[in-house]
């Protein structure tokens, strides 16, 4: 029983708040331990058939910010593409942090390759870029035996959960997303290469990102007796923005928390760093307040089921991922372009469907 007890306890600790170990006495007097899933009441918008049209989908998303389609049967992926605007509206990971492989026999791409032992913090998909998707769809081909749920969070409620002083700061100050790029792929220090955008040198890389709207800074660093170019891209983003007549917390700020990257990468440079517009770094306490605010705004649907389809309004609903054990296959599909705009002293969101 010792090994079983330790294994179950370790599993429960992997998913804090999601599972617990319970004991029962058998007829022969021995004890039996089981891992019990803690299931809060479902607060998700669950439907048992696909919306008939993009208009119906938009109606669901306007009301709830998301829709979980649970039919128990394989879904027509062509219909999913139609619902989010057609193939010409699809977005890929050309400018993402990690390259994605295709799910076998599917239009969907594999989800993030981050370690399954780690939680992925809440974020709005690709919102650290100039353009990002309006729709984010997740399809579950194989749920994990334990954990692995794609967690979802209401960004409007998350902002409401902040302290009054932090709300004021969030609406008055901007943040800068910083990312560094080098020529070499799989560099031991920096993991973004400008070869991904087909640039031949740092000058071409700077021209490319400047045209897109990024601020670029060229650094030269000594490495093994040689001087290498390091291109730093900077992009001003809101900490809070106005959408559908309410203020939302920009969850991707939370998703770039320095302590999460340190836990994951150790001494390697994080893929992305954050600072206030005035150059001051974020404090750990600020990250933690935002993380608490958005995790308190979680929407529950109690685990993936095979063939589930989750469609999010990426502008309103953030997502993350629980750690998991065993095999899991979840795909992602993105469509419709959205962007931030600063108008009349506030950040707003616009999309190709506005």
Meets criteria (within 30 Å of residue 242 (Cα to Cα) and at pLDDT below 90) for residue 198: no
Among residues of the stretch 278-296, those that are assigned by TED's automatic domain parsing to the domain that holds residue 124 and in a loop (DSSP other than H, G, I, E, B), counted: 1
Verdict on residue 275 being surrounded by fewer than 18 Cβ atoms within 10 Å (Cβ to Cβ), at pLDDT below 90 and over 26 Å from residue 40 (Cβ atoms): no
Qualifying residue in the stretch 88-95 (condition: at negative phi, crowded, with 20+ Cβ neighbours inside 10 Å and in the same structural domain as residue 333 (by TED's automatic domain parsing)): yes
Qualifying position, being over 19 Å from residue 272 (Cα atoms) and either surrounded by fewer than 16 Cβ atoms within 10 Å (Cβ to Cβ) or in contact (Cβ under 8 Å) with a residue 60 or more places away in the chain (or both), among 120, 130, 107: 107
Residues that are loosely packed, with under 13 Cβ neighbours inside 10 Å and within 25 Å of the chain's Cα centre (by Cα), drawn from the stretch 184-212: 185, 186, 188
Matching entry among 68, 61, 57, 75 (being assigned by TED's automatic domain parsing to the domain that holds residue 106 and part of a loop (DSSP other than H, G, I, E, B)): 75
Hey, residue 195 under 30 Å from residue 37 (Cα atoms), out of contact with any helix residue (DSSP H, G or I) (no Cβ under 7 Å at 6 or more places or on another chain) and outside any loop (DSSP other than H, G, I, E, B) or not: no
Total residues in the stretch 162-183, condition outside any strand (DSSP E or B) and surrounded by 14 or more Cβ atoms within 10 Å (Cβ to Cβ): 8
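Results for (1) within 23 Å of residue 295 (Cα to Cα); (2) touching a helix residue (DSSP H, G or I) at 6+ places or on another chain (Cβ under 7 Å); (3) modelled with pLDDT under 95; (4) part of a helix (DSSP H, G or I), shown as yes or no for each residue.
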{"site": "80", "(1), (2), (3), (4)": "no, no, no, yes"}
{"site": "88", "(1), (2), (3), (4)": "no, no, yes, yes"}
{"site": "94", "(1), (2), (3), (4)": "no, no, yes, no"}
{"site": "113", "(1), (2), (3), (4)": "yes, no, yes, no"}
{"site": "116", "(1), (2), (3), (4)": "yes, no, yes, no"}
{"site": "130", "(1), (2), (3), (4)": "no, yes, yes, no"}
{"site": "134", "(1), (2), (3), (4)": "yes, no, no, no"}
{"site": "140", "(1), (2), (3), (4)": "yes, no, no, no"}
{"site": "150", "(1), (2), (3), (4)": "yes, no, no, no"}
Hits in the stretch 297-330 - residues which are assigned to a strand (DSSP E or B) and within 13 Å of the chain's Cα centre (by Cα): 312, 313, 317, 318, 319, 320, 321
In the stretch 38-53, the residues that are part of a strand (DSSP E or B) and more than 16 Å from residue 308 (Cβ to Cβ): none
Boolean, residue 186 is modelled with pLDDT under 95, on the phi > 0 side of the Ramachandran plot and in contact with a strand residue (DSSP E or B) (Cβ under 9 Å, 6 or more places away or on another chain): yes
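The values are calculated or read from the model by the stated rules, or taken from the named source; none is laboratory data. The structure presented is a predicted model; accordingly, all values stated were derived computationally and were not measured. Neighbour counts run over all protein chains shown; Cβ positions are idealised from the backbone, glycine included.
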